[in-house]
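Engineer: Pasting in a structure now, in structure tokens, and then I'll have a few things to ask.
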Number of protein chains: 4
Amino acid sequence: MGSKIEGIFTPHVVPLDGRGRIDEAELRRYLDWLIGKGVHGLYPNGSTGEFTRFTADERRRIVQIACEVAKGRVPVLAGAAEANAAETIQACETYAGYGARAVAIVSPFYYRLSPDSVYAYFREIALNSPIDVTLYNIPMFASPIDVPTIRRLLELPRIVGIKDSSGDLAFVMRVIAVARAARPDFSVLSGWEAVLVPALIVGADGGTNASSGIVPELTRKVYDLTRAGRLEEAMRLQYKLLELFDTMLFSADFPEGFKAAVALRGFDLGAGRQPRTEGQRVDTAALQRVLQCILSEHGYVDAPSEGCPVRTGVPERDRVAQITQSVLDELRKRGAL
Amino acid sequence: MGSKIEGIFTPHVVPLDGRGRIDEAELRRYLDWLIGKGVHGLYPNGSTGEFTRFTADERRRIVQIACEVAKGRVPVLAGAAEANAAETIQACETYAGYGARAVAIVSPFYYRLSPDSVYAYFREIALNSPIDVTLYNIPMFASPIDVPTIRRLLELPRIVGIKDSSGDLAFVMRVIAVARAARPDFSVLSGWEAVLVPALIVGADGGTNASSGIVPELTRKVYDLTRAGRLEEAMRLQYKLLELFDTMLFSADFPEGFKAAVALRGFDLGAGRQPRTEGQRVDTAALQRVLQCILSEHGYVDAPSEGCPVRTGVPERDRVAQITQSVLDELRKRGAL
Amino acid sequence: MGSKIEGIFTPHVVPLDGRGRIDEAELRRYLDWLIGKGVHGLYPNGSTGEFTRFTADERRRIVQIACEVAKGRVPVLAGAAEANAAETIQACETYAGYGARAVAIVSPFYYRLSPDSVYAYFREIALNSPIDVTLYNIPMFASPIDVPTIRRLLELPRIVGIKDSSGDLAFVMRVIAVARAARPDFSVLSGWEAVLVPALIVGADGGTNASSGIVPELTRKVYDLTRAGRLEEAMRLQYKLLELFDTMLFSADFPEGFKAAVALRGFDLGAGRQPRTEGQRVDTAALQRVLQCILSEHGYVDAPSEGCPVRTGVPERDRVAQITQSVLDELRKRGAL
Amino acid sequence: MGSKIEGIFTPHVVPLDGRGRIDEAELRRYLDWLIGKGVHGLYPNGSTGEFTRFTADERRRIVQIACEVAKGRVPVLAGAAEANAAETIQACETYAGYGARAVAIVSPFYYRLSPDSVYAYFREIALNSPIDVTLYNIPMFASPIDVPTIRRLLELPRIVGIKDSSGDLAFVMRVIAVARAARPDFSVLSGWEAVLVPALIVGADGGTNASSGIVPELTRKVYDLTRAGRLEEAMRLQYKLLELFDTMLFSADFPEGFKAAVALRGFDLGAGRQPRTEGQRVDTAALQRVLQCILSEHGYVDAPSEGCPVRTGVPERDRVAQITQSVLDELRKRGAL
């Protein structure tokens, strides 16, 4: 077994070229930049990486590139979920060959499965994988992995950790309570950077945070400060991270907001595989202006040339709602409604 | 454009052989049997058909076989959802070549998308598909397709119908209200056989009902009686269909209960691709006894040799709950709890 | 025991005077009008009647007035839920004294209780009530009453029926399947007029429909046509009822849309007990114009003097969404967003 | 205005006598004990206090007693939600007269209201209350109070704080981010003791924690240690609090588990107003044994005479599930299932 998985892993996006294919050069440049900025590991084929929108062959290629770029500098946690357990096990074998540190397997999705089925699925994979496995719990998208199921799965040595993206800190604590007794080496990672500092304080070992693909410096600093016990400074940055996270999360269908922000850091992601309406394209442009203002405050990018509004602490979605409301009020006055 | 899509389409399961591969001979035998029993069409790669658990190549093969077996005797509605719009459009082209009548495209899943994104996705496909497209709304598993989105999509002539598996009859009515004005030829199919008769009465054109893969005779008869205005007889059978549907739906993770019932009709489905615990295998055996009793009442199969319990109208899940309760009560009396 | 409860019961609103007190004269005038228009019964203290916003004393007074106005012409089904079982039983006694036909008891709300607790609550009441009890299932607001619980409660002769406002027709069918075997006299009423005709067809005995407080003529006609087997005519009106219902349900917080419509029939309901913003008041005025147009088509009221837009079959909420969208699009073009 | 509301406020239960009436002597004894054990304030008529199960007169009496017992030793935060805004304002006036520090008003419940309606409701109360108001957000039971609504309400000086029982730490952080800028004196209290330490670390001012009614010593110590920056010790106790909280929360309908635990501390709560089945009574007895074992570990009560099982870190609900599973497995082997 390798060493415990800890620190900030980046669930990275995948740039596309003008024909909608993986832009391998840009992907390499992006991953290299992330490592240079200090993230502890790479996490290809996560939800942020839109793994469901790539073919099985493309998913393999993405992991291969991540492993090549990492070249042992940082560990790779490879998303390996495929159509079924047998296909997933094959991906595990492939990723072991590429040199990944471990795989991350999202719970079965589309069908909402019972705890027994979730258990049987992970058990089958853990018994046949040649590489360490981490569970990936994201109940808003996939069958939940509940605490009793995690407890049962702790008996399988191949399962070495869990990434939780539920956003429920008490759940993270319940997992830690169950895991620590049985498996001190078991890694618990939080995928919800809104509460990264609190997660580390209750005992999590790190995070797999989409924001670290946009502001690796900030995420890393939050991690380091918390580990160093400099809680006040950590919390000050945590609140800035929360504002950025909320803006990216709530302003567009996930993960479009995060992709809009990555582009601001100088990477060309292409058009994306999920078709968009003209209105959505305009929305994204508006969102980018807001994000640029936030990022420029941190000094990561220049402020937009047209300047930034005075910050009110009001999330952008509120501002849209306010404008909409004013317009509707005006229309009502004129009898148009 | 072809004629309006109507009648009972069977979202069929796919038998596997001992090595977990598609058992093509058994699949052909099963599909032929379904056509012989009177279903109006075949619907490969539906949710019942576990389309997400097959590879892209396998999904193509399944449709190919369905088209070959159908040989023009009945239309084929081919589930064509792939990893992204471009891959889906390619599948549409392939299925057009196989001679499918139309494709059914489930709304984007895993990510829960906004109405705008759902619209953009279907629009992109409809503008590029060489074959008629039906929308597939199944909000418990995929991004919902709401009524305003359907209204927008009605402008695309390639979109010729919708299959709704929400179980919400009022939603079906709203769709009919919106569609009928604009597109008299637009087909509305209900995927929720619990309310098949009511759906037909409010104006639906048919159903894509998993139960028709188990009791094609019964489903067809319910359809015919309703169409003939023999409502009382139809409703009597509808209640029997409801009991069967509920038993298959609630006794195991979908679609295991339906597969257990197909096996009773004499088809060997193999082990399935979703791993199961020992307890789940025993559960399935128990469920099959109950299903055999129900099916034997209709004369479709023999009663189990050990006989059937007096029917109480109580769904099986209740019976399990009752037994569990009695046991717990007993344990409590003995102080074990 | 009285005769089976069937037909259309109106869960009526309660007019308030300028000081926010019950306007007894207007309430009497309204209830008398309803009876004159043909509803089969009155249902004071339902959700439409905002029972939670009145004090215990006021709830008693409302039932008293309903019984006085009914004077035996139609039965009264009195909402009797109070703070706890003992208080509820006292209300049952009072309403028996007023001459109500039965009480309707909503499942415990605020806390979401387990089936066992829901059972214990209704059992306690049924064993102590001097008047027939109907269960009131409205899972969007109160603890759900599931089918196994209903089955257990069927053993209590005092419980004579259920009103279901889940909107789930399959649930209504499951209740009917369980109840009919054990208790042929058990009454099943649908509180979801979007599917009134289908509910009657599957075997429901009537409806407790808020719309019957606005268009008692229409609701009654839908009921009569269905009972007479004139399904086609019934369905044509059902679709009109659906449009009206949706407009009232989705255009404002329940039951404001229904109250806006009652006012159009000539009753002064006063300001309401739930405070409203200025924007909400303007919204209500806009909604009333739309409702007036719908009602004028049926000949129930005059068309608004400013005329009605061409009807597009598009629910009003969509129209608002469209206008909002156009405005936002325009703002975006101008760079304001 | 008074000083900022901070520290641990106990949402206390209300003992009943043999006839189901408030046991005033026992209530006084209990509240006095709580104050003696160090809680910072009393919170009558919270969800734990089952405010919906008492009459309006009883709710007033409960607050009166709390104020009398507190006698200025600790502040009283009085739950004041009544049937409507006018009734609630009257309660505010009464509680001001009793000497309460502030009132806590739960968001409108039963109906799920829009943000606009929630805003209008609290605005109406805040403009008319003679006593400081805290908002009470508990989205699992009542209309949610979202961040934009809180921002609007911050303009009303009478609103001095919020209690959040959503369990969502990121929500608490969003509220703090919005409130701190505008109103440094605004108090944010967490009602979810599963994450009490993290809540305090992100900036919450205290907690309204049901557990503090059972283990005031422990809750107070967690608070004091966190405030003193002794995070490691605080977290060790936080995990013990989590275990206790989960056991009380998930083992019975809320707040029965908490009441079972209060009884162990020597207070006679009587039978409760929500009727229970025989099975539920046995369940509660079993739960009390488990709770007694947990509490005895802390030295708060003696261990049960029959001894305690070896602790496995497994929540009790799991243990019940395990036993049920074994029993079902056994039954299956015997063919009974």
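The values are calculated or read from the model by the stated rules, or taken from the named source; none is laboratory data. What you see is a predicted model; the values in this text were computed from it and never measured. Quick reminder, even Gly has a Cβ in these numbers, built from the backbone with ideal geometry, and neighbours come from all protein chains shown.
Engineer: Test of understanding: among B:T52, B:T48, which residue is more than 23 Å from A:G272 (Cα to Cα) and touching a Phe, Trp or Tyr at 6+ places or on another chain (Cβ under 7 Å)?
Structural biologist: Only one candidate passes the filter, namely B:T48.
Engineer: If you don't mind, there's one more thing I want to ask. Could you grab me the full set of residues in region A:271-287 that are within 10 Å of another protein chain (Cβ to nearest Cβ), in a loop (DSSP other than H, G, I, E, B) and not basic (K, R)?
Structural biologist: Within region A:271-287, A:G272, A:Q274, A:P275, A:T277 qualify.
Engineer: In this structure, does B:V197 turn out to be part of a helix (DSSP H, G or I), touching a residue at least 40 places away in the same chain (Cβ under 8 Å), within 20 Å of C:M173 (Cα to Cα) and within 14 Å of chain C (Cβ to nearest Cβ)?
Structural biologist: Spelling it out, B:V197 is indeed part of a helix (DSSP H, G or I), touching a residue at least 40 places away in the same chain (Cβ under 8 Å), within 20 Å of C:M173 (Cα to Cα) and within 14 Å of chain C (Cβ to nearest Cβ).
Engineer: Let me ask something else. Any residue at all in region A:128-138 that's under 28 Å from B:E58 (Cβ atoms), of a type outside the set (G, A, S) and out of contact with any strand residue (DSSP E or B) (no Cβ under 9 Å at 6 or more places or on another chain)?
Structural biologist: The answer is yes, given that some residue of region A:128-138 is under 28 Å from B:E58 (Cβ atoms), of a type outside the set (G, A, S) and out of contact with any strand residue (DSSP E or B) (no Cβ under 9 Å at 6 or more places or on another chain).
Engineer: Evaluate the following for A:K259: is it more than 12 Å from chain B (Cβ to nearest Cβ), at pLDDT 95 or above, under 24 Å from A:D17 (Cβ atoms) and in a helix (DSSP H, G or I)?
Structural biologist: The answer is yes for A:K259.
Engineer: Follow-up question, since we're still on this one. Between C:P184, C:P275, C:P216, which is in contact with a Gly (Cβ under 7 Å, 6 or more places away or on another chain) and either among the basic types (K, R) or over 21 Å from B:G203 (Cβ atoms) (or both)?
Structural biologist: After ruling out the rest, the residue left standing is C:P216.
Engineer: Within region C:187-203, restricting attention to residues that are among the small types (G, A, S) and surrounded by fewer than 23 Cβ atoms within 10 Å (Cβ to Cβ), which residue is nearest to B:G203 (Cα to Cα)?
Structural biologist: C:G203
Engineer: Being of a type in the set (S, T, Y), at pLDDT below 95 and either under 25 Å from A:P148 (Cβ atoms) or out of contact with any Phe, Trp or Tyr (no Cβ under 9 Å at 6 or more places or on another chain) (or both) narrows it down to one of D:T284, D:T219, D:T226, so name that one.
Structural biologist: Only one candidate passes the filter, namely D:T284.
Engineer: Continuing with this model, one more query. When you look at D:A252, is it closer than 20 Å to D:V39 by Cα and within 16 Å of the chain's Cα centre (by Cα), yes or no?
Structural biologist: Judged against the criteria, D:A252 is not a match.
Engineer: Considering only residues that are over 16 Å from the mean Cα position of the chain (by Cα), under 14 Å from C:A263 (Cα atoms) and of a type in the set (A, V, I, L, M, F, W, C), which ones fall in region C:1-34?
Structural biologist: Of everything in region C:1-34, those that are over 16 Å from the mean Cα position of the chain (by Cα), under 14 Å from C:A263 (Cα atoms) and of a type in the set (A, V, I, L, M, F, W, C) turn out to be C:L16, C:L27, C:W33.
Engineer: Okay, next question. Pull up region A:154-171, narrow it to residues that are within 14 Å of chain D (Cβ to nearest Cβ) and either modelled with pLDDT under 95 or surrounded by fewer than 23 Cβ atoms within 10 Å (Cβ to Cβ) (or both), then point me to the one that is nearest to A:S107 (Cα to Cα).
Structural biologist: The residue in question is A:S166.
Engineer: Let me ask you something else. Restricting region B:241-256 to residues that are free of Cβ contacts under 8 Å to residues at least 40 places away in the same chain and in contact with a Ser or Thr (Cβ under 7 Å, 6 or more places away or on another chain), which is nearest to the other protein chains (Cβ to nearest Cβ)?
Structural biologist: B:D253
Engineer: Something else about it: Would a scan of region B:19-26 turn up a residue that is more than 30 Å from B:L225 (Cβ to Cβ), touching a Pro at 6+ places or on another chain (Cβ under 6 Å) and either among the aliphatic types (A, V, I, L, M) or not in a loop (DSSP other than H, G, I, E, B) (or both)?
Structural biologist: Checked against the condition, which is being more than 30 Å from B:L225 (Cβ to Cβ), touching a Pro at 6+ places or on another chain (Cβ under 6 Å) and either among the aliphatic types (A, V, I, L, M) or not in a loop (DSSP other than H, G, I, E, B) (or both), region B:19-26 yields at least one hit.
Engineer: Going through region A:77-105 one residue at a time, which ones are among the β-branched types (V, I, T) and within 19 Å of A:E6 (Cα to Cα)?
Structural biologist: A:V103, A:I105
Engineer: Here's something else I'd like to know. Taking only region B:172-194 into account, find how many residues are within 16 Å of the chain's Cα centre (by Cα) and either assigned to a helix (DSSP H, G or I) or more than 9 Å from chain C (Cβ to nearest Cβ) (or both).
Structural biologist: Count: 6.
Engineer: Would you check which residues across region B:204-240 are in contact (Cβ under 8 Å) with a residue 60 or more places away in the chain and surrounded by fewer than 21 Cβ atoms within 10 Å (Cβ to Cβ) and list them?
Structural biologist: Selection gives B:D205, B:E217, B:R220.
Engineer: Look through B:V69, B:V63, B:V74 and report the one residue that is at pLDDT 95 or above and within 16 Å of the chain's Cα centre (by Cα).
Structural biologist: B:V63
Engineer: Just a yes or no: is a residue in region A:89-104 charged (D, E, K, R) and touching a Gly at 6+ places or on another chain (Cβ under 8 Å)?
Structural biologist: Looking for residues that are charged (D, E, K, R) and touching a Gly at 6+ places or on another chain (Cβ under 8 Å), one finds at least one in region A:89-104, hence yes.
Engineer: Out of all the residues in region C:283-296, is one or more surrounded by fewer than 17 Cβ atoms within 10 Å (Cβ to Cβ) and under 19 Å from D:V118 (Cβ atoms)?
Structural biologist: There is no residue in region C:283-296 that is surrounded by fewer than 17 Cβ atoms within 10 Å (Cβ to Cβ) and under 19 Å from D:V118 (Cβ atoms).
Engineer: Right, something else. Would you please list the contacts, defined by Cβ atoms under 8 Å and residues six or more apart or on different chains, that run from a residue in region A:17-33 that is under 19 Å from A:G72 (Cβ atoms) to a residue that is part of a loop (DSSP other than H, G, I, E, B) and modelled with pLDDT under 95?
Structural biologist: none
Engineer: If B:D268 meets every condition in (1) in contact with a helix residue (DSSP H, G or I) (Cβ under 8 Å, 6 or more places away or on another chain); (2) modelled with pLDDT under 50; (3) of a type outside the set (F, W, Y); (4) part of a loop (DSSP other than H, G, I, E, B) apart from one, which number is that one?
Structural biologist: All conditions are met except number (2).
Engineer: Can A:S212 be described as under 16 Å from the mean Cα position of the chain (by Cα) and within 12 Å of chain D (Cβ to nearest Cβ)?
Structural biologist: In short, no.
Engineer: Before we move on, is D:A234 at pLDDT 95 or above, hydrophobic (A, V, I, L, M, F, W, C) and more than 22 Å from D:Y43 (Cβ to Cβ)?
Structural biologist: yes
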